[in-house]
Amino acid sequence: MKILNLLLIILPLITGFCLLSNAFAQTNALWGLPPGATNRIGKGRVNEIKYFPDSTKLAVASTIGVWIYDVQTGEPLDLLTGHTGPVNSIAFSPDGRTFATASDDNTAWLWDANTGEHKVSFVGHRDDVNAVVFSPDGEILATGSDDDTVGLWNPRTGEQITRLEGHTEHVYSVAFSPDGAVLVSGAAWGDNGIRFWNPRTANPLDISIEDTDWVEHIVYAPDGSMLVSGDTDRTIRFWDLGSGALLRACETGGSGKINAVVFSPDGQTLASASGDDLVSFWDPTTGKLLKTLEHEAPVISVAYSPDGETVASASEDGKIQFWDIASSNHLKTVTGHARHVFSLAYSPDGNTLVSGNRSKINFWNLETGEHLKTISLQPKHFRSENVRSVASFPDGSILASANGNKARLWDVETGRFLGTFVGHRSLISSVAFSPDGWVLASGSHDNTIRLWELRTGELYLIGDLLHTLAAHTEDVASVAFSPDGNTLASGSHDNTVRLWNVHTGDLLNTLIDHTGEVYTVAYSPDGSTIASGSWDSTVCLWDSQTGELLQTLRGHTRNVASVAFSPDGSTLACGNDDAIHLWEVQTGTRLHSLRGHTDLVDSLMFLPDGKQLASGSRDGSILLWDLTKLIINR
């Protein structure tokens with residue numbers, strides 16, 4: 001009886017906890033949503049992580065904003081948005097009251113660490129801002145940029161103090177000496193890497209260190225005795241600041257670059273994050289490797305807690321993990337920070353969304369945004385291959401994916417691997433099923449399209465190669481079947497759209513008007529019109545029968561990577577670097593611009609009812625847009 005009573009008490013608590021967790025997950029997906037968006041799937045790729053000075057929270061610079069996590073629970077507390085580009089770097093002021101962020105929108109921002117309020121913007125760089133750091137006294141903020149300069153700023157006013165010029169390549173890292181007397185900056189390959197400056201006079205210092213590789217990260221030892229650089233040649237270099245001599249070089253021995261190096265608070269240990277799936281700990285006085293923490297994907301960033309007892313690490317599989325340093329025990333994991341969303345597809349009933357990411361195919365509930373399941377590319381040698389395109393079989397039972405130079409088939413229900421189409425000599429960028437499902441088309445960077453037979457209903461679905469379509473002179477970026485299945489359209493980096501007879505493989509027509517690479521093609525639902533999007537910032541609408549150019553849609557400020565027709569064919573959605581534009585097809589009138597992604601929109605898909613649009617971006621997120629109010633209020 002006592003056990004029964006105890007269960008009656010515990011079960012509602014467990015149920016309540018599950019409901020709260022699900023509700024919380026749905027709530028944080030709604031944080032910082034742009035106007036018109038109803039849901040977000042994915043938290044964006046992590047670029048850098050830093051502990052708050054009081055150790056209670058972790059700040060995560062991501063492609064969609066700054067996430068704040070509770071260190072004890074691993075739960076997200078806030079998402080700070082406002083940057084219009086990915087956030088690359090984050091740095092706390094010496095007093096811990098503020099932190100600064102650097103972004104691809106060419107700016108740095110200052111935030112209140114307690115409230116998350118945006119306080120100051122630092123505007124003046126002409127290209128992406130990669131790194132940001134405070135001087136030890138908090139009086140100067142330094143930034144490194146792709147415009148090959150270092151910016152010095154007044155953190156209270158946002159005023160630029162000066163610009164340090166001298167680098168000839170992008171500046172990826174900046175660091176102050178512990179006494180604040182020296183500022184060091186590291187740049188890309190070809191620049192001889194590391195330069196030293198007097199931050200008060202803005203003059204270069206006569207300190208010579210020649211690091212001829214790409215300097216990804218630089219850091220001073222806490223006592224100022226040495227400088228450490230992490231390079232893309234997989235080497236950590238320790239430099240004597242008195243003589244400029246190289247003290248030691250530690251090669252990781254793997255194939256991955258060094259993405260980050262950071263000293264422990266007491267300066268006794270150095271941690272590095274590498275593309276070899278490792279966080280490595282080094283003795284800085286000897287260069288001896290002390291221990292490693294193994295991950296399942298390349299490690300992007302690592303951060304020590306202020307007390308030096310734990311580290312947090314972020315990796316490209318979307319995980320942030322916390323570790324006890326002394327025991328190497330894994331403490332907890334935060335998930336959901338996936339990188340690029342390259343392609344989208346949906347189930348015929350419109351209830352499930354499929355996304356292609358790095359080495360994974362994910363399934364999502366469209367109504368709730370809930371993650372349903374994942375197909376992981378196995379065996380392990382598949383792992384590094386991005387899923388650049390996914391296509392759903394007409395009845396939704398089979399999924400095709402483009403991974404590397406192979407097209408693969410998967411059973412949607414079980415996730416079982418069904419087979420591989422082999423023959424392309426280079427990366428496959430696009431796959432598409434014919435409307436009847438009997439043919440799979442694959443477009444490749446080997447300049448060809450291949451048409452493959454599917455033997456549906458048989459034990460082995462992989463059929464013969466039907467045709468190789470070879471007329472493009474550059475990469476094939478996109479393929480699309482006409483609604484009747486008789487014609488295939490292909491877009492290429494040779495600036496053309498070509499039309500092919502599916503049954504004979506003959507070239508029917510070449511559509512020429514674009515002045516830049518054609519990245520995307522789509523047929524209207526009735527098959528009368530073809531839309532093509534290009535790196536020349538235009539979208540062309542063509543008569544599919546005659547090849548006549550009907551009209552050119554201008555007004556996209558940057559590269560057009562995706563196009564999609566609404567189910568009734570009246571609206572065309574176009575995705576580029578900074579927005580999704582909706583056009584009225586009949587008149588060529590722009591209806592709306594949807595802004596919210598911070599990177600290239602690679603994939604667009606109208607849901608079957610035409611009332612919602614899904615967009616997948618290289619910022620690592622999918623946004624769902626409610627189009628009913630937008631169209632009504634145009």
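The values are calculated or read from the model by the stated rules, or taken from the named source; none is laboratory data. These numbers were taken from a predicted model, which means no experiment stands behind them. A quick note on method: Cβ atoms are made from the backbone with ideal geometry, for glycine too, and the neighbour counts reach across all protein chains shown. For the accessible areas, the whole protein counts, side chains as well, though only heavy atoms, and no ligand, DNA or RNA atoms are used. Shrake-Rupley method; radii C 1.70, N 1.55, O 1.52, S 1.80 Å.
When the Debye formula is applied to the Cα atoms of the stretch 508-600, each taken as the same point scatterer, what base-10 log of I(q)/I(0) results at q = 0.14, 0.21, 0.26 Å⁻¹?
Listed by q, the Debye log ratios stand at -0.43, -0.98, -1.47.
Among 44-57, 159-172, how do they line up by average Cβ neighbours within 10 Å per residue, starting with the highest?
Peptide ranking by packing, descending: 44-57, 159-172.
Take the alpha carbon atoms of the stretch 146-183, find their center, do the same for the stretch 258-301, and report the distance between the two centers in whole angstrom.
26 Å
Of the listed peptides 217-228, 549-560, 571-582, what is their order by residue-averaged count of other C-beta atoms within 10 Å, with the highest listed first?
With the highest mean Cβ count within 10 Å placed first, the list reads 571-582, 217-228, 549-560.
Is it possible to state the helix-based mean residue ellipticity at 222 nm for the chain, with each DSSP H run of 4+ residues giving -39500 (n - 2.57), the sum divided by total residues, to the nearest 500 deg cm²/dmol? What is it?
-1500 deg cm²/dmol
Answer rounded, prolate or oblate for the stretch 47-145, using the Cα gyration tensor with square roots of eigenvalues a ≥ b ≥ c: rounded when a/c is under 1.5, else prolate when a/b is larger than b/c, else oblate.
Because a/c hits 1.5 or more and a/b fails to exceed b/c, the stretch 47-145 counts as oblate.
Name all residues of the stretch 154-187 having a backbone nitrogen under 17 Å from the label point set 7 Å from the Cα of E117 along its Cα→Cβ direction, giving them as ranges.
156-158
Roughly speaking, to the nearest percent, how much of the stretch 466-569's 1.4 Å accessible area is carbon and sulfur?
Within the stretch 466-569, the accessible surface is 43 percent carbon and sulfur.
Please list, by residue number, everything in the stretch 407-432 whose backbone N is under 20 Å from a paramagnetic label point 7 Å out along Cα→Cβ of Y460.
Residues 407-411, 416-424 qualify, since their backbone N sits under 20 Å from the label point.
Expressed as a rounded percentage, what relative contact order does the chain have, with Cα pairs under 8 Å and six or more residues apart?
Relative CO of the chain lands at 8 percent.
In Å², and per residue, what accessible area does the chain have when probed at 1.4 Å with the other protein chains present?
That works out to 41 Å² per residue.
Pop the C-beta distance of T235 and R126 into the FRET formula with R0 = 30 Å and round what comes out to the nearest 0.05.
Efficiency, from the Cβ-Cβ distance: 0.45.
Set the Förster radius R0 to 25 Å, insert the Cβ-Cβ distance between S243 and T292 as r into 1/(1 + (r/R0)^6), and round the FRET efficiency to 0.05.
0.20
Give the long-range amide H neighbours of L591: residues separated by 5 or more places, or on another chain, with amide H under 5 Å away, using H modelled in the peptide plane at 1.01 Å from N.
L582, W583, E584
Taking θ as phi - 60°, what are the ³J(HN,Hα) couplings along the stretch 58-74 by the Karplus curve (6.51, -1.76, 1.60), each to the nearest whole Hz, with x for Gly and Pro?
Karplus-based 3J(HN,Hα) across the stretch 58-74 equals 10, 9, 10, 7, 10, 5, 10, x, 10, 8, 10, 10, 6, 5, 6, 9, x Hz.
Give me the extension gain from Q586 to S225: residue separation times 0.36 nm, minus the current Cα-Cα distance, reported in nm with one decimal.
123.1 nm
Which distance in Å, rounded to a whole number, links the C-alpha centroids of the stretch 97-129 and the stretch 471-520?
Cα centres, the stretch 97-129 to the stretch 471-520: 44 Å.
For labels at E139 and Q551 in the simple 7 Å Cα→Cβ model, what's the distance in nm?
6.1 nm
How big is the dipole moment of the stretch 463-613 about its Cα centre under a simple scheme where the beta carbon of each Lys and Arg is +1, that of each Asp and Glu is -1, and everything else is neutral? Debye, nearest 20, please.
380 debye
Apply the a/c threshold of 1.5 to the C-alpha gyration tensor of the stretch 408-447 and tell me whether it is rounded, prolate or oblate.
Cα axes put the stretch 408-447 in the oblate bin.
So for the stretch 218-261, what percent of the C-alpha to C-alpha distances run longer than 11 Å?
62 percent
Once both axes come from the Cα atoms, what is the angle between helix 2-29 and the longest principal axis of the chain, in degrees from 0 to 90, rounded to 10?
Once rounded, one gets 80 degrees.
Determine ³J(HN,Hα), in whole Hz, for all residues of the stretch 574-581 in sequence, where each value follows from phi through the Karplus function 6.51 cos²θ - 1.76 cosθ + 1.60 and θ = phi - 60°; x replaces Gly and Pro.
Once θ is set to phi - 60°, the couplings for the stretch 574-581 become 10, x, 9, 5, 10, 6, 10, 9 Hz.
Can you figure out the FRET efficiency of T27 with D266, using R₀ = 41 Å and their beta-carbon distance, to the nearest 0.05?
0.55
Counting pairs of alpha carbon atoms under 8 Å apart in space and at least six apart in sequence, what relative contact order in percent does the stretch 382-529 give?
For the stretch 382-529, the relative contact order is 14 percent.
Which of the three applies to the stretch 214-331, rounded, prolate or oblate, going by the alpha-carbon gyration tensor with a ≥ b ≥ c and a/c under 1.5 meaning rounded?
Since a/c reaches 1.5 but b/c is at least a/b, the shape of the stretch 214-331 is classed as oblate.
Say each of D626 and T414 gets a label point 7 Å from the Cα, pointing the same way as Cα to Cβ; how far apart are those two points in nm?
Using points 7 Å along Cα→Cβ, the separation is 4.1 nm.
Using 7 Å Cα-to-Cβ label points, what is the E75/T285 separation (nm, one decimal)?
Between E75 and T285, the simple spin-label model gives 4.4 nm.
Dipole magnitude of the stretch 358-462 about its Cα centre, charges +1 at Lys/Arg Cβ and -1 at Asp/Glu Cβ only, in debye to the nearest 20?
580 debye
Reachable lysines from K319, Cα under 29 Å, same-chain residues fewer than 8 places away excluded?
Cα-Cα hits under 29 Å: K43, K50, K57, K257, K288, K291, K332, K360, K373, K380, K406.
Give me the dipole magnitude in Debye, nearest 20, for the chain about the Cα centre, with unit charges on the beta carbon: positive for Lys and Arg, negative for Asp and Glu.
Dipole magnitude for the chain comes out near 1120 debye.
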